[in-house]
Each structure stands twice: as structure tokens, then as C-alpha cells.
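Asks: Just passing along the structure, written as C-alpha cells.
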Amino acid sequence: MSDPATHAIEHHEPVTSTGIPSKKILMWAFLGSDCMFFGTLISTHLIYRKISATVGSTTVDIRNIFDIELTSFSTFILLASSLFMALAVSAIHKGNLKSTRWMLLGTIIFGSIFLACQVYEFTHFVTHEGHELTLSHYQDQDHVFGSTFYVLTGTHGTHVAIGVFWLLGWLVYSFTGKMSTADAMDIECCGLYWHFVDIVWIIIFPVVYLMEYAF
Amino acid sequence: MATESVKYVAPETETQLQNQVFPRPGQHTTGIIDWLTTIDHKKIGLMYGLAALFFLLVGGLEALLIRSQLWTHNLDVLNNRQYNQMFTMHGTTMVFLVIMPLSAAFFNFVMPLQIGARDVAFPRMNTLSLWCFIAGGITLNLSWFFTGGSPAIGWFGYAPLTDNRFAEVMNDMGPDFWVFSLQILGIASLLASFNFITTIINMRAPGMTMMRLPVFTWMTLVVSFLIILAFPAITIALAELMFDRTYGTNFYDFLEGGKPHLWQHLFWIFGHPEVYILILPAMGIVSEVIPTFSRKPLFGYGLIVFSGIIIGFMGFAVWSHHMFTTGMGIVATSAFSILTMLIAIPTGVKIFNWIGTMWGGRIRFETPMLFALGFITMFMIGGFTGIMHSSVPIDAQHQDSYFVVAHFHYVLIGGALFGLFSGFYFWLPKMTGRLMNEKIGKVVFTLMFIGFNVTFFPMHYLGMIGQPRRTHTYNLGHGFEAWNQIATVGAFILGIGIAIGVYQFVSSFFDKKLKPAGKNPWDARTLEWTLSSPVKEYNFARMPIIKSRDQAWENNYGPKEKHSEKEPVDDHGVHMPDRSWCPLVTGAGLLTLILGMLFHATKDLETGVVLERDYMIPIIGGIVFVIGIIMWAIEGPGGYHLFPKEDEE
């Protein structure tokens, strides 16, 4: 029998009852919970939108400040980042470290572009000449739109930012020389999170932005 | 034979130091550092339990002050604001700092043992959820010492009570403390629930199929799902309230377009599942205690499990019965009324199953069984009044009267707390290794049962003759005095009973004169009773292979083919994860962050206008939090190996 001390650092993946890694189940449970977080925020927005309409009223038309071209662009960028994320997961499963690194970098850059667009949008809205949208006012009138808009899209932006930092962590880790296919499952969890955040935006974009033009 | 068992006893290996980036307490850590850095689910469960018992005494003291104020008409033991603060803190403390963590204590201690696991799936996350709970308890109770004192908004925090323009005290900080402490308590509950779900789904011993899980474990799973789906609603509602109070958004500000009604919906979308979060663990405990003391298998196991799931599912569809008088319209109120009546069916199914279990059994009336029987009877009374409330016209009469107070204390004390006390008397011998004094246990039960009924039964009548709840006093001439005095006397009897009970629990850890419990003092049925008391840190020396639902019982009395087997010894020994400082660092960062947020704004003392914002302390807290998480990721689970002798479990 070899020296028992060497056993202490061996880590075999523990056998689980379902065969699914525990971290993945944790991530799915978290995403289920996160659905309810966004569900609550989106319902709040929809309820207040119906109660205090911004469309059809000449004094408070939110379309005055929306820049739908910019938001469509950033939506496209965010959705495209999901492709990079999927490719990164695929690359690490195959053990292709170089490709993983590039795909992680692509996801980070696209996520950052989305965040930059959001920062630009927020500053633009707050300072928009004559049509300032703040947390409590729109065009100098008390209004709820600013409250629900900033808190909802801001919460989503925070999720994206957390995702970007998480991916940055993996990117840094990939340079330590320790990254291997053993990390594939962890990166896959990160990917689950990233795709989920994208899917949420697929709901937010029509509900918050496009609907103002439709109804 | 002797040489064969020696073969497996290899020298214990110390934690591998060369692999570590940060100092980490080693395998043989003892004392305070062990308790601060432990990742052992049993120690975490104990800490949960002890902290919750402390808060039980605090919340009980608040209740006794309330009862003293109501002793007779126009008393001034508490003024109206202090009275409001008392019932707010009493409610918040009892719900979030007593019943939920007491349930979490049992989830932590018992559930991994029942499914044959060595720990929960994520031991360090489990520790973090404990520290978040402690941080939340500290934050809530710190509110007494700052501007405005503790919150005076009710445990439900209805808007616009939370709006400072209507507060009695300028720059009232109470609601802020309430908001932030509930947020961090929410984090604690969410983390713990993710952990329990993963553990139950993924860490079962071989042969432990889902339909062999003990009912208590099943209820842990259902409650965990309720928590992860219900807490987001209040987290967002509280976040919106925080933005309202801190940054001037208009979510609940009716002067500027917000709707206070929305708060009620969001609160009760969380609040009603919360009711089942409080009661289902107690139902799980009772489902373990009654078969044991009736010496019969649980009657209708499948139905009990299934009705527990149905209760959890339907719990999300009845929230608006808390809001019948807000004017939601006929369709909405009727729908919620019907669903509320329907939810009585699975609850009734459970009660009949417990009765069926006892039927024809050889019942032993020991303390856990007494509390379980108290649970069934008292919970039934609470359930009956609950069905009365589900009828909209009756509810309109009961609304905000003492009848409602009687109803929910019957389900939360007579139900949840009796169930949890039953659990304490049942499982404490497993935790301490000592049997408790049966006589004192029976005295505690008698005092609690009598005190509880004397306190809360008169409240049904007080409610019917019109005493409003949440009102700090009453005038002479309504006929309220006599029943209130009886209730106050009962409250003190109940308080004495609980205090003796808590003393008995805590002292049983230290009292060396108590008899040793042995492996299975109650002749109980589930897997945790095959282990020594107190349980060893590795739980199972060899993993059991489960053959039947009541494994401990089958091992003693069942046919040979139903006895559990053991997995062969692993040459690598039992892998134990290392203790870690990271959860404590992360939790401390979070506490600093919220305390910093509470005090970040300098306000004008006369107008309440924010003069200056200083984010220094929240940023420091945030940095500590992030550093904690990064350290957490880098250090990994770590670990060392133990080589227990074959029969040491």
C-alpha cells in the first residue's frame, strides 16, 4: 500500500444518486428561483405600465427617449454572446484549451459591449434634454415608469456583470495551467447561467421596449 | 478477526498543507475555531437550533409584554408606538428567527442521516447560510438602538406604513433594519434550500429510492422547493421598498403613482407559501414520531407524501385569501376562496393517516408522542378556523379581529412549535447521546398545553365580540377584560413551560448524570437510529445499502433479506472535507455591506432630506464579500481521510 498521505489529495468525482453532478442540480435550482425573481420584476413593470400608461398620452410618451436602434443592437450582441459561450463549453469538453480561451474572451467582450450600451442608455435617459427619465420622474412629472424600468433592467444588467466577472475568473484561471476537461462541468454551469440571463433579456426586450411601439 | 479489522485502520492523515493557498484549520481543530469554521452539518444544525431557541425566548418576552399591556383596559405598560414595535418584532422574530431556523436545524441535523449521506452536497455553503441567518438576527435586533427604535410596521410591513412621511418619528430607521435583515435572512434560507434539494436528489445511499425516503426528508424537499420559489417574491418586494426608502422610487408611493396594493400581493405571494414552509417540517416530524411510538409503520406513506406535495403546490395559489377585504372583485375572491377550501383536503388526508397509524398500535405516551398528539389536536382546531376564514363573507367579519390571532397561533404554536418540540424530545438524545428526563418533559408538555389553550382559546371569543387586533388598548365596557386577563395568565404559564423546555434542551448537553441514550432509545424506524449517539463526524463508517423504507426497524425485526448491507471498505478511507474560514469571511462581508448601507446617508434632522451619501463602508463590505468568494473558489473543498474501524458508527 502506498503512503496514505498521497491519497488525501486525490479527488475522484463522487458518485451521485442521479448520475448528474451536484453542481449542475444546484445551478438548475438557482435558475428556477431566479425565474421567480425576474417574474416578480416583470409583473411589477407590466402592472404599472397598465395602470399609468406612458403611450397615447402626449405629455408622457416614453418613446421620446427610447433609442430602439441602439437597444436592438445591444440585444443582438447579447444573443450572439451565447454562441461564444456554447462554443467555449464545447471546446473545454474536447480539451481544446486555446479555443476555450478565445471563446471565453469573446463572451466577455460581447457581454461588456452590452453593459456599455446599458450604461450609455441609462446616462442618456437621465440627462435627456426635456425628457429626463429618473427613478421617480419622467419629464418632471411623478411617474412609476422610471422606477420599474431602472430596477428591472438594472437587475438584469447586474446579472450580466456578475456573469462577466465569473467568466473573467475562468479566463484568468486558464492561464494558470491547471485548466483541464475536469473543469468542463464548472464551465458548463457558468454557461447555463449565461444562457439563462440571455433568455431573460429575450423577454425583457419585447416587454419593456418593443411593446411601447406596438400598443 | 482482530487482525482483519486492524487492516483497515491506517494512520490518520493530516490536511495536505503544500496544496493550500490560505491557512485553513486542520483536522484536529477544537474549541471556538472549530465552531467558527465547521462545515459539519450536525454542528451547523446545533448552532441553528441554539440560536433559534435564544430568539424564541426573546420573541416570547415580547409576547409577554404585549399580554401584560392587554391585562386590563387603558393600561400604559407600553405606549401605542412601543406596542406596535412589540408585535412587529414578535411576529418577525417568531417567523424568521425561530420557526424557520428551528426547522432548518432539524433539516441540517437529521436529513443527511436519514438518507445515508456523510454531509450535505455543499458543506461550506451550508455554513454560509448559518452565518447569514445569524447576521440577519443581529441586524433585526440592532434596530432597537437607533433612531425610531425597532420597526412599528407589523411583520407584513404594509405600504404606506413603511413610508417615512407617515412615521411617528423623524428619520425612522426601523423599517430599514427590517428590510435589510429580511433580505439577508432570505439569502440564508435560499442557500440552505438549494443545498437541501441537491442533497436529497443526489446524495442518497444506494437503494434509498425516492419512495423509501422518510417523510421528514420528503417534507424537507417540499419546503426547500417552496422556499426557492416563494422567497424571490419578497426579495424583490423588499428591494423595491429599499429603493423607495433609499433612492426615492415610486413603487409603493401612492402620492406619486405607486400602488400600496401591489405590496400586499407580492408580500402574500411569498407569505402564504411561507405558512406552509413553517408547518410542513412539523408535519414531517410528527410523521416520524407517531409510527415510532405506535409501533406500527406509517399508514398510507404514499398518500402522506403526495398530499404534502399537493399542499406545497396549492400553497402558491391561495395567497389572496389574506386580502379578501381589499376589494379584488367577485371572480378573484371566489377563486381564491374555493382553492383555500380545497387545500383542506390534503391536510385532512394527513390527519386521517396519522390517526390510521395510531389505530390498533401499541401507543407509548412518552414526551415526543405527547407533543405529536398535541400537534394533531391543536392543529386541527387551527385548521377548522382556517376553513371558516376561507369563506369570504365570514372572513370579512373576522378580518383584523382576535379571532384571526387565535387561528394562526393555533396553527403556529399548537401546530409548528408543538411539532418542533416533539422533534427536540425525539432527536436530542441522538445529538447529545443522553436521554432526557421524562418527568420534566411531561411537565413541560402539560404547562405548554394548558398555557397555550388558556391563552388562545379565549381569543376566539374576544374576536367574535369585536376586539380588534394590533390595537394597543381597549376601553371599559366592551366586556373584554375578563377574557384578556385569562389569556394573560395563560401566556405566562406557556412562557414558563417553554422556558423550562429550553433549559432542559440546553442542559441535556452538559448534564453528565443523564442516562446514555444508546443507538436507538425509542426503537425508532429510520436510518439515523442505526448510528451511535452522538453521531460520529463521518456519520457512516461504511455506506449502507438500503433494502426497505423503515430500515432501522427491519434490521432489528424484519426478515433477513430486508436487512441493510454495507458497502465494502474503501482503501482510501472516508473522505472528509476541510474546515474553512471562507463562509465566515463572506458572511462578515455581507453583514458589513448591509450595515454600511443602513448608515450610508447623512440626513437633515429636521426635513429628512439626504444631504450626503458615503459608500465607503458598503464598498469595504462588498470587497470583503468578494474576497471571501474568491478565496472560497481557490481553496476548493480540500479534505483529509479517516479510517474508522468497521463497527464504529
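The values are calculated or read from the model by the stated rules, or taken from the named source; none is laboratory data. All values derive from a computational prediction rather than experimental measurement. Note: ideal-geometry Cβ built from the backbone for every residue, glycine included; neighbour counts use all protein chains shown.
Asks: Step by step: first the residues of region B:238-253, then only those that are more than 7 Å from chain A (Cβ to nearest Cβ), in contact with a Phe, Trp or Tyr (Cβ under 8 Å, 6 or more places away or on another chain) and of a type outside the set (D, E, K, R), then the one that is farthest from B:Gly186 (Cα to Cα). Which residue is that?
Replies: If we take residues in region B:238-253 being more than 7 Å from chain A (Cβ to nearest Cβ), in contact with a Phe, Trp or Tyr (Cβ under 8 Å, 6 or more places away or on another chain) and of a type outside the set (D, E, K, R), then B:Tyr252 is farthest from B:Gly186 (Cα to Cα).
Asks: Oh, and also: Could you list, in sequence order, all residues of region B:309-341 that are out of contact with any Gly (no Cβ under 7 Å at 6 or more places or on another chain), of a type in the set (Phe, Trp, Tyr) and touching a residue at least 24 places away in the same chain (Cβ under 8 Å)?
Replies: Within region B:309-341, B:Phe316, B:Phe324 meet the criteria.
Asks: Let me ask something else. Looking only at region B:114-123, which residues are in a helix (DSSP H, G or I) and touching a Lys or Arg at 6+ places or on another chain (Cβ under 9 Å)? Show your work before the answer.
Replies: The first filter runs over region B:114-123 and keeps only residues in a helix (DSSP H, G or I), leaving B:114-115, B:123.
B:Ile115 - this is the single residue of region B:114-123 that is in a helix (DSSP H, G or I) and touching a Lys or Arg at 6+ places or on another chain (Cβ under 9 Å).
Asks: Of the residues that make up region A:120-130, is at least one among the small types (Gly, Ala, Ser), more than 14 Å from every other protein chain (Cβ to nearest Cβ) and crowded, with 17+ Cβ neighbours inside 10 Å?
Replies: Looking for residues that are among the small types (Gly, Ala, Ser), more than 14 Å from every other protein chain (Cβ to nearest Cβ) and crowded, with 17+ Cβ neighbours inside 10 Å, one finds none in region A:120-130, hence no.
Asks: Ok, one more. On the given criteria, is B:Phe336 surrounded by fewer than 24 Cβ atoms within 10 Å (Cβ to Cβ), part of a helix (DSSP H, G or I), more than 14 Å from chain A (Cβ to nearest Cβ) and more than 22 Å from the chain's Cα centre (by Cα)?
Replies: Details: surrounded by fewer than 24 Cβ atoms within 10 Å (Cβ to Cβ): yes; part of a helix (DSSP H, G or I): yes; more than 14 Å from chain A (Cβ to nearest Cβ): yes; more than 22 Å from the chain's Cα centre (by Cα): yes.
Taking the combined requirement at face value, the residue satisfies it.
Asks: In the list B:Gly479, B:Gly518, which residue meets the criterion of being part of a loop (DSSP other than H, G, I, E, B), free of Cβ contacts under 8 Å to residues at least 40 places away in the same chain and touching a Pro at 6+ places or on another chain (Cβ under 9 Å)?
Replies: The conditions single out B:Gly518.
Asks: Got a sec? Which of B:Pro232, B:Pro291, B:Pro281 is in contact with an Asp or Glu (Cβ under 9 Å, 6 or more places away or on another chain), more than 11 Å from every other protein chain (Cβ to nearest Cβ) and not basic (Lys, Arg)?
Replies: B:Pro291
Asks: Moving on to the next point. For region B:196-218, enumerate the residues that are within 10 Å of chain A (Cβ to nearest Cβ), within 25 Å of the chain's Cα centre (by Cα), in a loop (DSSP other than H, G, I, E, B) and among the aliphatic types (A, V, I, L, M).
Replies: B:Met203
Asks: Go through (1) surrounded by fewer than 24 Cβ atoms within 10 Å (Cβ to Cβ); (2) within 14 Å of chain A (Cβ to nearest Cβ); (3) out of contact with any Lys or Arg (no Cβ under 7 Å at 6 or more places or on another chain) one by one and return the number of the condition B:Met170 breaks.
Replies: The number of the failed condition is (2).
Asks: Taking region B:537-560, which residues are assigned to a loop (DSSP other than H, G, I, E, B) and more than 25 Å from the chain's Cα centre (by Cα)?
Replies: Across region B:537-560, the qualifying residues are B:Tyr538, B:Phe540, B:Ala541, B:Arg542, B:Met543, B:Ile546, B:Lys547, B:Ser548, B:Arg549, B:Asp550, B:Gly558, B:Pro559.
Asks: So which pairs qualify, if the first residue must be in region B:70-94 and closer than 26 Å to B:Ala52 by Cα, the second must be basic (Lys, Arg), the Cβ gap must be under 7 Å, and the two must be at least 6 apart or on different chains?
Replies: B:Phe87/B:Arg470
Asks: Take B:Phe371 and tell me if it is without any contact (Cβ under 8 Å) to a residue 40 or more places away in the chain, surrounded by 19 or more Cβ atoms within 10 Å (Cβ to Cβ) and not hydroxyl-bearing (Ser, Thr, Tyr).
Replies: no
Asks: Only one of these conditions is not met by B:Glu240: (1) part of a helix (DSSP H, G or I); (2) in contact (Cβ under 8 Å) with a residue 60 or more places away in the chain. Which number is it?
Replies: Just one mismatch for B:Glu240, condition (2).
Asks: Condition test on B:Phe270, is it of a type outside the set (A, V, I, L, M), surrounded by 19 or more Cβ atoms within 10 Å (Cβ to Cβ), part of a helix (DSSP H, G or I) and within 14 Å of chain A (Cβ to nearest Cβ)?
Replies: Spelling it out, B:Phe270 is indeed of a type outside the set (A, V, I, L, M), surrounded by 19 or more Cβ atoms within 10 Å (Cβ to Cβ), part of a helix (DSSP H, G or I) and within 14 Å of chain A (Cβ to nearest Cβ).
Asks: Additional query: I'd like the residue in region A:139-153 that is farther than 12 Å from A:Phe122 by Cβ and more than 10 Å from every other protein chain (Cβ to nearest Cβ) and, out of all such residues, is farthest from the chain's Cα centre (by Cα).
Replies: Step by step, filter region A:139-153, then rank; the result is A:Asp140.
Asks: Here is a follow-up. Go through region A:166-215 and report how many residues are more than 18 Å from A:Thr100 (Cβ to Cβ) and either without any contact (Cβ under 8 Å) to a residue 24 or more places away in the chain or not aromatic (Phe, Trp, Tyr) (or both).
Replies: 14
Asks: Next question. Of everything in region B:26-44, what is closer than 12 Å to B:Glu537 by Cβ, at pLDDT 90 or above and not basic (Lys, Arg)? Give them in sequence order.
Replies: Passing the criteria: B:Asp34, B:Thr38, B:Ile39, B:Asp40, B:His41.
Asks: Every residue in region B:470-489 that is crowded, with 17+ Cβ neighbours inside 10 Å and either in contact with a strand residue (DSSP E or B) (Cβ under 8 Å, 6 or more places away or on another chain) or not aliphatic (A, V, I, L, M) (or both), please.
Replies: Passing the criteria: B:His472, B:Thr473, B:Tyr474, B:Phe480, B:Trp483, B:Asn484, B:Thr488.
Asks: Also, I was wondering about something else. Among the strands (runs of 3 or more DSSP E) lying completely within region B:583-649, list those that include at least 2 residues that are more than 21 Å from B:Pro175 (Cα to Cα) and over 27 Å from the mean Cα position of the chain (by Cα).
Replies: B:640-642
The rows are residues; the columns are (1) of a type in the set (Gly, Ala, Ser); (2) within 14 Å of another protein chain (Cβ to nearest Cβ).
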site: B:Glu561; (1), (2): no, no
site: B:Gly573; (1), (2): yes, yes
site: B:Ser580; (1), (2): yes, no
site: B:Lys603; (1), (2): no, no
site: B:Lys645; (1), (2): no, no
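Asks: On to the next question. Looking for something loosely packed, with under 15 Cβ neighbours inside 10 Å, more than 12 Å from chain B (Cβ to nearest Cβ) and in contact with a His (Cβ under 7 Å, 6 or more places away or on another chain) - is there at least one such residue anywhere in region A:95-108?
Replies: no
Asks: Could you grab me the full set of residues in region B:273-312 that are surrounded by fewer than 22 Cβ atoms within 10 Å (Cβ to Cβ) and part of a loop (DSSP other than H, G, I, E, B)?
Replies: Once the filter is applied, which keeps residues that are surrounded by fewer than 22 Cβ atoms within 10 Å (Cβ to Cβ) and part of a loop (DSSP other than H, G, I, E, B), region B:273-312 yields B:Arg295, B:Lys296, B:Pro297, B:Phe299, B:Gly300.
Asks: For region B:313-332, what are the residues that are among the polar types (S, T, N, Q) and surrounded by 21 or more Cβ atoms within 10 Å (Cβ to Cβ)?
Replies: Answer for region B:313-332, where residues must be among the polar types (S, T, N, Q) and surrounded by 21 or more Cβ atoms within 10 Å (Cβ to Cβ): just B:Ser320.
Asks: Within region B:137-153, which residues are in contact with a Lys or Arg (Cβ under 7 Å, 6 or more places away or on another chain) and not hydrophobic (A, V, I, L, M, F, W, C)?
Replies: Once the filter is applied, which keeps residues that are in contact with a Lys or Arg (Cβ under 7 Å, 6 or more places away or on another chain) and not hydrophobic (A, V, I, L, M, F, W, C), region B:137-153 yields nothing.
Asks: Could you say whether any residue in region B:247-261 is touching a helix residue (DSSP H, G or I) at 6+ places or on another chain (Cβ under 9 Å), surrounded by 24 or more Cβ atoms within 10 Å (Cβ to Cβ) and in a helix (DSSP H, G or I)?
Replies: no
Asks: Take the residues in region B:492-510 that are part of a loop (DSSP other than H, G, I, E, B) and out of contact with any Lys or Arg (no Cβ under 7 Å at 6 or more places or on another chain), then tell me which one is surrounded by the most Cβ atoms within 10 Å (Cβ to Cβ).
Replies: Once the filter is applied, the top-ranked residue is B:Phe509.
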